[in-house]
Amino acid sequence: RVLTQFDGSALLGDDMGLGKTLEALAVASACRARWPLLIVCPAAVRMAWAAQLETWLHFLNPVEDIQVLSSHADRVPPGVRACVVSYSLLCACE
C-alpha cells in the first residue's frame, strides 16, 4: 500500500527470498495507468522476469505486450506494455 502512495516510484531493498518480485508486480499492476512498464534486471534473469509477468499479470498477452531486449539491435514495437532489459544493455545504450 505504501508503494502505491508514491505511484510505484520506489526501491525495494529487501533480502533475497522475501517476495520482491511478486511485490513489484503487484505494485506495477496497481499503477498500470502509468505504463508502459520497464523492468531493468541482471541479464541472467530477463526471461525469468518475462515468465513472472505472464504468470502473475494475466491481463498481459505474452506475444504482444511483453518484450525482452537481448541486443542493441532490438527495438520495442509500438503497443508493448512491458519491456524487460538487462542493466548492462541499458547502460550500453546512448
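The values are calculated or read from the model by the stated rules, or taken from the named source; none is laboratory data. Because the structure is predicted, anything quoted here is derived from the model rather than measured. In this analysis, Cβ positions are derived from the backbone assuming ideal geometry, glycine residues included, and neighbour counts consider all displayed protein chains. These accessible areas exclude ligands, DNA and RNA; they are computed on the full protein's heavy atoms, side chains included. Shrake-Rupley method; radii C 1.70, N 1.55, O 1.52, S 1.80 Å.
For the reader, a short list of remarks on this structure follows.
- Qualifying residue in the stretch 63-73 (condition: assigned to a helix (DSSP H, G or I) and surrounded by fewer than 16 Cβ atoms within 10 Å (Cβ to Cβ)): no
- Scanning the stretch 33-42 turns up no residue that is over 23 Å from Ala10 (Cα atoms) and either surrounded by fewer than 16 Cβ atoms within 10 Å (Cβ to Cβ) or more than 12 Å from the chain's Cα centre (by Cα) (or both).
- Taken as a whole, the condition of being assigned to a loop (DSSP other than H, G, I, E, B), surrounded by 15 or more Cβ atoms within 10 Å (Cβ to Cβ) and free of Cβ contacts under 8 Å to residues at least 60 places away in the same chain does not apply to Leu53.
- Ala24 of a type outside the set (Lys, Arg), outside any loop (DSSP other than H, G, I, E, B) and at pLDDT 90 or above: no
- Output for the stretch 64-76, where each listed residue is modelled with pLDDT under 90 and closer than 20 Å to Leu53 by Cα: Asp74, Arg75, Val76
- Within the stretch 78-93, at least one residue is open to solvent by 60 Å² or more (accessible area, probe 1.4 Å), touching a residue at least 40 places away in the same chain (Cβ under 8 Å) and among the aliphatic types (A, V, I, L, M).
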